[in-house]
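The values are calculated or read from the model by the stated rules, or taken from the named source; none is laboratory data. Just so you know, these numbers come straight off a predicted model, no measurement behind them. Because the Cβ atoms are built from the backbone with ideal geometry, glycine has one as well, and the counts that use them run over all protein chains shown.
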Amino acid sequence: MHLPVIQTTPVSPSDEDRLRLFLRTQLHWGQALGEQTELDVGTAIVNPDLPELADANFVIQAALADNQPPEQALRQVEEHFAAHRSCCGQWLMNHGSPTHHVQPLVEHLLANGYQRHSMRVMHMLGAPGQIAEVGGLKIIPARASHRHAQQLAQIAAAELGRPDIAQSMLLHLDDPNWDSILALDGPDAVAIAGVLSVGDIGRLDQIYVVPSHRRRGIGRTMISRTLEICARSVFQQVLTATWPDQRDVTQLLVGIGFMESGEIPIYRRTGF
């Protein structure tokens, strides 16, 4: 007896689905930086050794429980971080929660020293076309040369005026789900980039080129190599994110084939 073959066509996720997937990668990103604890209002990541770094001290998938006042939720979080000798630098809301579980919390945060920022999430739809790469570079795994990775982390941190970022960049090198590469121009490390693997999601991050080597196509080359990593891993979704002031990076990603999925609001404490 011959049975009919059921043909299935994969359903492309919506932009809202992609935002939720990116938030999943953000949780994994934080797990490499701090200790995770489940609270009534969401998942807390805390690292007292990096008290001024929001990416290492935050709450994600935040939403009020039934009949929970936002004042109580904020107090619970503040007490949790204080007990760990740190403070919460930012909140990311739960996109799957009803508005009445999120909006009162957002309004309370804005009234208590937090400011809204927007992270632009982008996705790659299909395989990219041929990407022209810069010749003369030597691309190696970042783990193969901790010295060069440390140099790049220090340059990036100095440029941003945030020395704590250097330590956080190096912490990811020990994450087995983080595949990072760096570029050498002669003896000098000039660029770094990586891919975070979360299930069938590949997230491009830490794409950085030293100021003296920009506008030479090195950033495009690094993105090309990270996309090769994604292709070998057969990721179903390839995501990345930029900030509104990173227009050059956004234009570069669009030129390669990335499309905007939407924005994720982040509520960051003033001073972080």
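Consider region 69-101. How many of its residues are under 13 Å from I266 (Cα atoms) and either outside the structural domain of E52 (by TED's automatic domain parsing) or outside any strand (DSSP E or B) (or both)?
4
Would you call I181 modelled with pLDDT of 95 or more, within 18 Å of G135 (Cβ to Cβ), in a strand (DSSP E or B) and assigned by TED's automatic domain parsing to the domain that holds K138?
Details: modelled with pLDDT of 95 or more: yes; within 18 Å of G135 (Cβ to Cβ): yes; in a strand (DSSP E or B): yes; assigned by TED's automatic domain parsing to the domain that holds K138: yes.
Judged against the criteria, I181 is a match.
Please give the number of the condition H123 fails out of (1) modelled with pLDDT under 95; (2) surrounded by 17 or more Cβ atoms within 10 Å (Cβ to Cβ).
In the conditions (1) modelled with pLDDT under 95; (2) surrounded by 17 or more Cβ atoms within 10 Å (Cβ to Cβ), H123 misses (1) alone.
Which condition number in (1) more than 17 Å from R268 (Cα to Cα); (2) assigned to a helix (DSSP H, G or I) is the one that L105 fails?
Going through (1) more than 17 Å from R268 (Cα to Cα); (2) assigned to a helix (DSSP H, G or I) one by one, L105 breaks only (1).
Scan region 231-252 residue by residue and report those that are more than 15 Å from the chain's Cα centre (by Cα) and not polar (S, T, N, Q).
Matches in region 231-252: A231, R232, V234, F235, D245, R247, D248, L252.
Does at least one position in region 132-140 carry a residue that is outside the structural domain of T250 (by TED's automatic domain parsing) and crowded, with 17+ Cβ neighbours inside 10 Å?
no
So the check is Cβ under 6 Å with 6+ separation or different chains; which pairs have a first residue in region 158-172 that's under 19 Å from P211 (Cα atoms) and not assigned by TED's automatic domain parsing to the domain that holds A56 and a second one that's of a type in the set (A, V, I, L, M) and modelled with pLDDT of 90 or more?
Cβ pairs passing all conditions: P163/A157; I165/A157; A166/A153; A166/A157; M169/A153.
Report every pair of residues separated by at least 6 positions or lying on different chains whose Cβ atoms are under 8 Å apart, first residue within region 15-41 and in contact (Cβ under 8 Å) with a residue 40 or more places away in the chain and closer than 26 Å to D164 by Cβ, second hydroxyl-bearing (S, T, Y) and not in a strand (DSSP E or B).
Listed pairs, sorted by first residue: L33/S168.
Output the number of the condition that A231 fails; it satisfies all remaining conditions of (1) assigned to a strand (DSSP E or B); (2) modelled with pLDDT under 95.
(1)
How many residues are surrounded by 15 or more Cβ atoms within 10 Å (Cβ to Cβ), aliphatic (A, V, I, L, M) and in a strand (DSSP E or B) if we restrict to region 237-265?
Looking only at that region, the number is 4.
Kindly indicate the residue of region 35-75 that is in contact with a strand residue (DSSP E or B) (Cβ under 6 Å, 6 or more places away or on another chain), at pLDDT 95 or above and not β-branched (V, I, T) and also farthest from C87 (Cα to Cα) among those meeting that condition.
Q61
Quick test of your reading of the structure: Y114 fulfils all but one of (1) assigned by TED's automatic domain parsing to the domain that holds N67; (2) exposed (fewer than 14 other Cβ atoms within 10 Å of the Cβ); (3) not hydrophobic (A, V, I, L, M, F, W, C). Name the failing condition by number.
(2)
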